[in-house]
Amino acid sequence: MKQPSQKKARGVIYVYWGDTVEGELDRSVNSLQRFHSELPFEKIKLENNSTLLNKARMLELSPFKTTLFLDTDTMVMDRLDFGFEKAEQHGLACCINECPWARRYTDIAGDQIEYNTGVLFFTQKAEAVFKRWEEIAHSINSAMVFFRNERILEMPNNDQAGFSQAVVDTGFNPFVLPLNWNLRPQWQRTFFGPIKVWHDRSEPPLDLKSWNEDQGLEQSILKYSGDHPDFSILK
Amino acid sequence: MNIFIFTHGLPPLLPRVFIDNTETVCGSFHSNLRNNGKYKYMNTPGGTFDCQQVFAKVRPQDYPDTILVHTDGGAQCAPINLPINCVKVLLIGGATHFGEKPLQRMVEYVYAENFDAIFLWNRHNAHFFTELGFSNVYWMPGLTFAVPTIAQSKVKLHDLCFFGQLGKYHPRRLHIIKALAEENIKIVGGKLPRRDSLELVSQSRYSLNISLNGELNMRVFESTQNGALLFNDELSEFSGLQLFYQNGDSIVTYANVKDLIEKLAFYGKHPEEAVRIAEKGQSITNRHFSFSARRDAFYALLNDGETHHDAFRLKDEPRCKIQASTPQNKNATMRRVQIYEVAQEIHRTKETPRIMLAGEATPFIAADLADLVRLKQIIAVDPKTYDTKVRPFMDKMQVKNLSRVDEERLATESSDLLITTTKDLETLGPKLGKTHVRVCVWDYNPDNKPITETLLAAGYQEKESLQGLFELNKS
């Protein structure tokens, strides 16, 4: 692992495994370069038998002082400087998950908050969180049951359980970014202003791109997407 | 310098900077934003509004030295009561070539506010302003708006792209696109977000532009700057396109769909030639229409300095040498503006429009209509009058779309618009059939009942939109 003093300033990493995500990874990289052609990025491929639980190694694997981790199924839709600034100020900047209740995981109770680990801005200041996350990623029971089309299904593991617990265990206070920074369109249909990161395998619709072109400008009057019933994302 | 810019534009379509980083941009689509007490953006009403109410919110040290008003034929941004102790510049945007009374609105606005300079996007409309006596009238296609820079694609993924609107104001576009589709010519694009459009151009070998109504539009710069070979519909020489770009040298122009299809096939077989032309087009756009080139030209014109190209000063436009010296002459000019607006609307919707002029109609109208590139105008006058009076003036005004017929033909020839006079109608009126879709009486007087009755009897009904304009009764 590189020492902090040897690391480049800001950059983006993708941590992935297997060969099936190459297409969406390229999509994400292209979108990143559209808005941040100046930012270096690293595609870090883990062993093929890796799982979500191996994402916890991201701080250790990153060659940057301030890192943005992106899931491969994300698309950058606007400048992300603010996220980097908040990470540099607070150590960690991220969004609350679309389902904010970490108690959906077997080993977590109460009103504990679940964060989405698909978009994480961090620096070395948050080392304690990542270290704890790595420690418990494989031991915490992160299985969850959920409804889909009125059927009950089970997901055997999820890295976000460990991350949520690590934040609690270390007492760390992350800077919370609004849902625009990690929009999950299957569940999050309305929002104010521009979308920063689209987090879904589907393509962002053209009307969202037009929306962003307008709403991404500081001189534009901020709008609520729910006021536009024809907005395709609502359908 | 404190620069205030009032604009009707939507923020995504406007430049990041009009003139200077310290400017204040005001518009109905703009939010309020202050940096250290100075407005960077201000929300102001749309349409006509008293700008003194705007400046009442501004700190005294921020009062404007220079005001730019960016508006267009819809007068969606028309601040009035502009302060007298600053430089006032009007930027008339591209939409003066369609819509309801676009030029009349602009002229009325210029009369009301005392602008120090007027910059027009559409070169071919400038002569009306110079003729009416406004000084410091300049041409600036795209005004001060440069095309945003995007990363150029190293790989051409597509052959032909088209981006832009295909709505009710663009019947020609629909017609041409459909015709290409019928020939199995693949086109990618459509109505895309702006950045996507520019990226698409960068990824395409050719970019198709179809003007709304014979104007030099932003697509010319967006296409060439991003490395595609521009296929542009032929524009009249009054548009100014040919002052910078030539067919087969830096762009490709086409007269009609058939010509377009043939040229697409030709350049498809001669890719090196296509690349050469595209590169030259790109170099011309970067040289003359980059942000810094435009801004420098803008400042030079305001300060009467040297510009990098004379075209902006309109000295070569023969119609700009005409001056209406008396109030009666100015009224006549305004009447011609009204008639021109009818003609340009016909030109927008018809592929090969025809307009006839009766012998007594002033030849100045023919000079006005010269910039409607697909228009055929025909004057019905005897050969001697044509050769001695009409033709020399037409040559001086560089009118190339006018021909002559004998006066008797007026009653039998068909046209989309007949421009006639009260005197001509005295002989023509009784013979008038339903061959002219519209009739416009140049010197119409509503009190002249016989003329009105003649036209009504011939099957025409009066249009409320313009005094003296009659249209064939469709029933």
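The values are calculated or read from the model by the stated rules, or taken from the named source; none is laboratory data. Note that the coordinates shown come from a computational prediction; the quantities given were computed from them, not determined experimentally. Reconstructed Cβ throughout: ideal geometry from the backbone, glycine too, with neighbour counts over all protein chains shown. Heavy atoms of the whole protein, side chains included, go into the accessibility calculation; ligands, DNA and RNA do not. Shrake-Rupley method; radii C 1.70, N 1.55, O 1.52, S 1.80 Å.
Quick rundown of the values:
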| read-out | value |
| --- | --- |
| Relative pair counts by distance (%), Cα atoms of the range B:324-472, 5 Å bins | 2, 10, 20, 24, 22, 15, 6, 1 |
| Distance histogram in 20 Å bins (all Cα pairs of the protein assembly as shown, percent per bin) | 15, 39, 30, 13, 4, 0 |
| Computed E for residue A:203/residue B:360 - FRET, C-beta separation, R0 51 angstrom, nearest 0.05 | 0.20 |
| Accessible area of the range B:158-288 belonging to carbon and sulfur atoms, whole % at 1.4 Å probe | 50 |
| Separation between Cα centres of the range B:29-91 and the range A:191-233, rounded to whole Å | 29 |
| Rg(Cα)/(2.2 N^0.38 Å) for the range A:92-225, N = residue count | 1.18 |
| Gain in span if fully extended, residue B:259 to residue B:306, counting 0.36 nm per residue against the direct Cα distance | 13.0 nm |
| MRE, 222 nm, helices only [DSSP H, n ≥ 4, -39500 (n - 2.57), over chain A, to nearest 500] | -7500 deg cm²/dmol |
| Probe 1.4 Å, all protein chains present, accessible-area order of B:351, B:426, B:464, largest first | B:464, B:426, B:351 |
| Three semi-axes of the equivalent ellipsoid, the range B:1-137, Cα gyration tensor, whole Å, largest first | 25, 16, 13 |
| Whole-number D in µm²/s for the range A:88-158 (Stokes-Einstein; Kirkwood sum over Cα pairs; 37 °C, 0.692 mPa s) | 240 |
| Relative contact order computed over the range B:356-452 (Cα-Cα under 8 Å; 6+ residues apart), in percent | 31 |
| Average beta carbon contacts from partner chains per residue of A:206-219, 10 Å cutoff | 5 |
| Integer Hz, Karplus 6.51/-1.76/1.60 couplings in order for the range A:222-228, x for Gly and Pro | 5, 10, 9, 5, x, 7, 10 |
| Two-decimal Rg to Rh for the range B:99-159 - Kirkwood Rh, Cα set | 1.23 |
| Estimated [θ] at 222 nm from DSSP helical runs (n ≥ 4, -39500 (n - 2.57)) normalised by residues in chain B, nearest 500 | -9000 deg cm²/dmol |
| Cα-based Lys pair tally, the range B:158-288, threshold under 28 Å, eight or more apart or on separate chains | 21 |
| For the range A:39-103 versus the range A:138-181, the gap between their alpha-carbon centres in whole angstrom | 15 |
| For the range B:158-288, average projected area of the Cα convex hull in nm² | 7.1 |
| Per residue, in Å², the accessible surface of the protein assembly as shown once ligands and nucleic acids are set aside, probe 1.4 Å | 44 |
| Interface area, A with B, accessible, probe 1.4 Å, both sides summed, Å² nearest 100 | 1400 |
| Stokes-Einstein D for chain B, Kirkwood Rh over Cα pairs, 4 °C, 1.567 mPa s (µm²/s) | 54 |
| Portion, in percent, of the accessible area of the range B:324-472 that falls on carbon or sulfur, probe 1.4 Å | 50 |
| Percent of Cα pairs exceeding the 21 Å cut-off, where the set is the range B:126-235 | 41 |
| Distance (nanometres) between label positions extended 7 Å along Cα→Cβ at residue A:148 and residue A:85 | 4.0 |
| Rg in Å to one decimal, and Dmax rounded to a whole Å, for the range A:4-203 via C-alpha atoms | 16.0, 52 |
| Whole-Å semi-axes of the ellipsoid equivalent to the range B:1-70 (Cα gyration tensor, √5λ, descending) | 17, 14, 11 |
